[in-house]
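Here's the structure, in structure tokens; my notes come after.
Read the figures in this text as sums done on the coordinates, not as results from a lab. Quick caveat: nothing in here was measured; it's all calculated off a predicted structure. Methodologically, a virtual Cβ is constructed for each residue, glycine included, from the backbone with ideal geometry; neighbour enumeration extends over all protein chains shown.
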Amino acid sequence: MSIPFCLALALVLDAVMGEPRWMWTRVAHPAIVMGRMIRALEQKFNTGQARHLKGFLTLTALGLCAVLVGAALSSLGGVVTVCAAAILFAHRSLIDHVAAVADALLLSVGDGRVAVSMIVGRDTGAMTQTDVARAAIESGAENFSDGVIAPVFWFAVAGLPGLALYKMVNTADSMIGYRTSRYAAFGWAAARADDVMNFVPARITAFLIWALSSPKPQWDAIAQDARLHRSPNAGWPESAMARAINVALAGPRSYHGRVEDHPFVHPTGQRDLGPDDIHATLRVLWRVWFVVLALAGVASLI
């Protein structure tokens, strides 16, 4: 099977199956395995001197392991490649988690807070309905780039080894890529590698959201707001989504009891948000997913 054909099949399989509980309650998900490897090596080597170097060497070893496993699985044929890729894509899982926030908000703000706490790292205990909806929309946009477009991109570029490498780097960044006293040095390589590997996919995500918006927002405005984000990549899909559904995103939020005053993205957009805006986000994500699937299908015929 060609890579585009495998990609198309994997996208459909992920969208249909998602992450079935009957499977992952019996065996560890690959992301969990990656996380255990990262945690074990971090605890062993994130000590003493030369933590930048130790972090770089640890990430290199993890990345090499991921590439070798990806290559070995690819050698087993197209069916294994499709199944492995589908497991590492996260579209259906993302849709389900974001939709759960909208459903919970229809019950109460408290239920919405509980649901959104499953997908964001910020403090949720004092969130209003608007705060909950905004967090869900931002998570949906950012994680669509990280969990769908970036994996698709690296699979298209380098097959299963490229996809496995990206997932290892992305998982490492989510665990140790923080500017804290413990991780700032050791996790520096993971954070920078994740920035590099997401640079193109984040902008592709923003472009696809922009291209499918009606009426089309100004691309220059999307780019300008994206550069205000603390992340070099996350601001792109968030800024595009904000204008696609005409809402104001980002702004102040609380982490570990401390309020951080971030600038608003698309500040003139609607600020009173709720379940309908979350559903609008999901419709955008599905439209982009269908376009990616169509492109993969066309490429498989060429």
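How high is the FRET efficiency between D103 and L68 when r is their beta carbon distance and R₀ equals 30 Å, given to the nearest 0.05? Numbers along the way, then the final one.
Values: r = 41 Å, r/R0 = 1.38.
According to the calculation, E is roughly 0.15.
Any idea how far apart L76 and T60 come out in nm if each label point goes 7 Å out from Cα toward Cβ?
3.0 nm
Which of L88, L11 has the fewest other C-beta atoms within 10 Å, and how do the rest follow up to the most? Working shown, then result.
Details: L88 22, L11 25.
Lowest count first: L88, L11.
Taking 41 Å as R0, compute the FRET efficiency from the Cβ-Cβ separation of N246 and S181 and round it to 0.05.
Working: r = 41 Å, r/R0 = 1.00.
Approximately 0.50, to the nearest 0.05.
Compute the label zone of M1 within region 283-302: residues whose backbone N is under 13 Å from the point 7 Å along Cα-to-Cβ.
From region 283-302, the list is 297, 300.
Can you give me the relative contact order of region 201-299 as a percent, contacts being Cα pairs under 8 Å and 6 or more apart? Mind dumping the intermediate values first?
On the way: 122 pairs, mean separation 24.2, N = 99.
For region 201-299, the relative contact order is 24 percent.
As an exercise, use a Förster radius of 25 Å and the Cβ-Cβ distance of V196 and I302 to find the FRET efficiency, rounded to the nearest 0.05.
Numbers: r = 29 Å, r/R0 = 1.16.
Efficiency computed from Cβ-Cβ geometry: 0.30.
Going by Cα centres, region 1-29 and region 227-302 are how many Å apart?
25 Å
Where in the chain are the DSSP H helices whose C-alpha atoms run 24 Å or more along the long axis and whose mean Kyte hydropathy is at least 0.0? List each step's numbers first, then the result.
On the way: long enough: 51-74 (34 Å, 1.35); 91-107 (25 Å, 0.98); 150-176 (27 Å, 1.05); 188-211 (34 Å, 0.74); 275-301 (39 Å, 1.11).
The answer, listed by residue number, is 51-74, 91-107, 150-176, 188-211, 275-301.
Ranking I176, I302 by Cβ neighbours within 10 Å, fewest first, what do you get?
Numbers: I176 25, I302 6.
If I rank by nearby Cβ atoms, fewest first, I get I302, I176.
In nanometres, what is the gap between the two model label sites at R122 and V12, each 7 Å from Cα along Cα-to-Cβ?
The two pseudo-label positions are separated by 3.9 nm.
Report the paramagnetic label zone for H52: residues of region 185-202 whose backbone N is under 11 Å from a point 7 Å from Cα along the Cα-to-Cβ axis.
What the label zone holds, given the 11 Å backbone N cut-off, is 185-186, 188-189.
Any chance you could run the full-extension gain for K44 through D261? It's 0.36 nm times the residue separation minus the Cα-Cα distance, nm to one decimal.
On the way: separation 217, 0.36 × 217 = 78.12 nm, distance 3.61 nm.
Length gained between K44 and D261: 74.5 nm.
With n ≥ 4 as the cut-off for DSSP H runs, can you work out [θ] at 222 nm for the chain, using -39500 (n - 2.57) per run divided by the number of residues, rounded to the nearest 500?
Details: 13 runs with 207 residues, N = 302.
Helices in the chain give a 222 nm mean residue ellipticity of -22500 deg cm²/dmol.
Please compute the contact order of region 3-301 in relative form: average sequence separation of alpha-carbon pairs under 8 Å and at least six residues apart, divided by the residue count, as a percent. List each step's numbers first, then the result.
Values: 455 pairs, mean separation 68.9, N = 299.
Computed over region 3-301, the figure is 23 percent.
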